[in-house]
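What follows is one structure encoded as structure tokens, with my remarks underneath.
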Amino acid sequence: MELHITFQGRKDLSEQLYRQLRDAIDSGRLAAGTQVPPTRLLATQLGVSRKTVAEAYSRLTYDSRLSGRVGSGTFVSPRLAAPHPAQPPSPLASAAVVAMWRDMPMPMSHAAAQTRARYDFIGGASLKSQFPFDTWRRCTLYALRQCTRSASLHGDPQGLPELREAVARHIGFARGVQASVDSVLITNGAQQALDLVSRVLIEPGCRVVMEDPGYPPARLLFAAQRAEVVNVPVDEEGLRVDLIPDGTRLIYVTPSHQFPLGMPMSLARRHALLARAAELGAIIIEDDYDSEFRYQGPPTDSLQSLDSQGLVAYLGTFSKTLLPELRLGYAVLPQVLLQAVRVAKQLSDWHTPTLNQWALAKFINEGELLKHIRRCFEVYSGRRERILQRLGDDLAPWLQAVPAVAGYHLSALAHVPVDLPLLVQVARQAEVGLYPLMPFYGQAPAKQGLLFGFGAIERLDIDPALDRVQGILQQLAPA
């Protein structure tokens, strides 16, 4: 790569070169420790004499901006490489919009490993010890071979056909979803699927309904798209369909494992929701984020499998079953939405990385995904059972578990007055990460309780952690 230097005329070339190199160093464009080209090479590149370059280098060395190393070359001196303070920006025409995005919270972001509590009940996270890295490595090598055999072109925005077919088979088998290779769209996680579907449906001022409590990133996403977000409360059967207002265009639900409380939506409520959506002409987004893990009772049908009018957009993710870092998700879309979302996907990022798509397709087709889910089920089942035992035993004076049959988190409601913010603070000091339910509420009176994620805490760590929680509760609210 050539150093970017331009000359104005052919006079004072050494002075021009000196000033441009000095400004590049002072502004930080030439960072500390950067090696500059040898005088002979730079002179050839610029079409000037070697003496011209040598004079400029000499002045920069005298100014302590460059320093020579015997046998290595000439480098930018470290102590003078800091850039000048930035000038105050001029007023921005879009300042209000920028401020809206800048000030928006970032809920449910996972903290860095070094700041996590020793015993952490964080939701939406899993331990990497369960992931079959050797198998995934083999699938990735296969993906590399597939990529080397194909032309260096962008892929289909809808996703690799081999992966879409594998996903359709998997969710048809595991969740009863009615999907074909033509109805599946591969995304960078379920969050992108949510963004794309809402983007083609929402315009400023339109009405969107979501559960309360519910998934905060969805609520913020809808609000950022200038929708009127209506928070509809849930009861023991799920979303209160009778409270969905007229004029609603989009309804967001988590019917298989309500987030964050955990109860499933009853069959009667599902049929009522589908009927109400048909009456309104509204699209339902079904976020089926972690229901592969089911611990008791017969499997419940997905809402999408009950849909006979093409009103449900079904979203799923592999972040929960595999690794969040892979950023692989999908949407099963009704025909009326498919092409619009496909265009939005292309305009957003063209397509999900093809290498990861090939690897996941092989992983699913060889049966490795189902094997991995079965292995994780055994682990999560034991952790879940132990937390429920403690909630029903020595923690029962303070907390009561919300009935839930799927996923890898559960919630517990406080049935005596407890200062939950103080509990969370003191627990953190005792190296236990606890997460209150209050931040998940948008409008309804928040229920006092905690979310217990058990994907990222070892089975042997659960009792020591809950022992500490019990001790703190005894001090804050003696039984």
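Kirkwood hydrodynamic radius (Cα pairs, Å) of the chain?
26.2 Å
In percent, what relative contact order does the chain have, based on Cα pairs under 8 Å that are 6 or more apart in sequence?
19 percent
How high is the FRET efficiency from His154 to Glu325, r the C-beta distance, R0 35 Å, rounded to 0.05?
0.90
Can you give me the long-range amide H partners of Ser411? Hydrogens built in the peptide plane at 1.01 Å from N, cutoff under 5 Å, separation of 5 or more residues or another chain.
For Ser411, whose amide H was placed from the backbone, the distant partners under 5 Å are Val402, Phe452.
Could you check the simple spin-label distance between Glu366 and Ala278, using points 7 Å along Cα→Cβ, in nm with one decimal?
Label-label distance for Glu366 and Ala278, simple model: 4.5 nm.
Using only Cα atoms and rounding to the nearest 10 degrees, what angle (0 to 90) does helix 354-365 make with the longest principal axis of the chain?
30 degrees
Once the piece of chain linking Arg169 and Arg375 is laid out straight, how much longer is it, given 0.36 nm per residue of separation minus the C-alpha distance between them?
My answer for the length gained is 72.1 nm.
In units of 2.2 N^0.38 Å, what is the alpha-carbon radius of gyration of the range 13-80?
My calculation over the Cα atoms of the range 13-80 gives 1.01.
At a Cα cut-off below 21 Å, give the lysines reachable from Lys51, other chains included and same-chain residues fewer than 8 away excluded.
Lys11
Given the pairs Lys128/Lys345; Lys128/Lys371; Lys128/Lys447, which span a C-alpha to C-alpha distance of over 25 angstrom in this model?
Cα-Cα > 25 Å for Lys128/Lys345; Lys128/Lys447; rest within.
Which value at 222 nm does the chain reach when only helices count, each DSSP H run of 4 or more adding -39,500 (n - 2.57), with the total divided by all residues and rounded to the nearest 500 deg cm²/dmol?
-13000 deg cm²/dmol
Under Stokes-Einstein, with the Kirkwood radius over Cα pairs standing in for Rh, what whole-number D in µm²/s applies to the range 362-437 at 25 °C and 0.890 mPa s?
166 µm²/s
So for Lys345, Lys320, Lys11, fewest C-beta neighbours within 10 Å to most, what's the order?
Fewest-to-most Cβ neighbours within 10 Å comes out as Lys11, Lys320, Lys345.
Would you calculate the separation in nanometres between label points at Asp63 and Ala96, each defined as 7 Å from the Cα along the Cα-to-beta-carbon direction?
Label at Asp63, label at Ala96, 4.6 nm between them.
Students often check this: by mean Cβ neighbours within 10 Å, which of 420-426, 249-255 ranks highest, and how do the rest follow?
249-255, 420-426
Give me log10 I(q)/I(0) at q = 0.10, 0.13, 0.18 Å⁻¹ for the range 128-366, Debye formula, one equal scatterer per alpha-carbon, no solvent.
Debye output, listed in q order: -0.46, -0.77, -1.40.
Using a 7 Å offset from Cα along Cα-Cβ at Ala268, what residues in the range 220-244 end up with backbone N under 11 Å from the label point?
Correct set: 237.
Just so you know, all these numbers are worked out from the coordinates, no wet-lab data involved. This is a predicted model, so every value here is computed, not measured. Glycine gets a Cβ as well: all are built from the backbone with ideal geometry, and neighbour counts include every protein chain shown.
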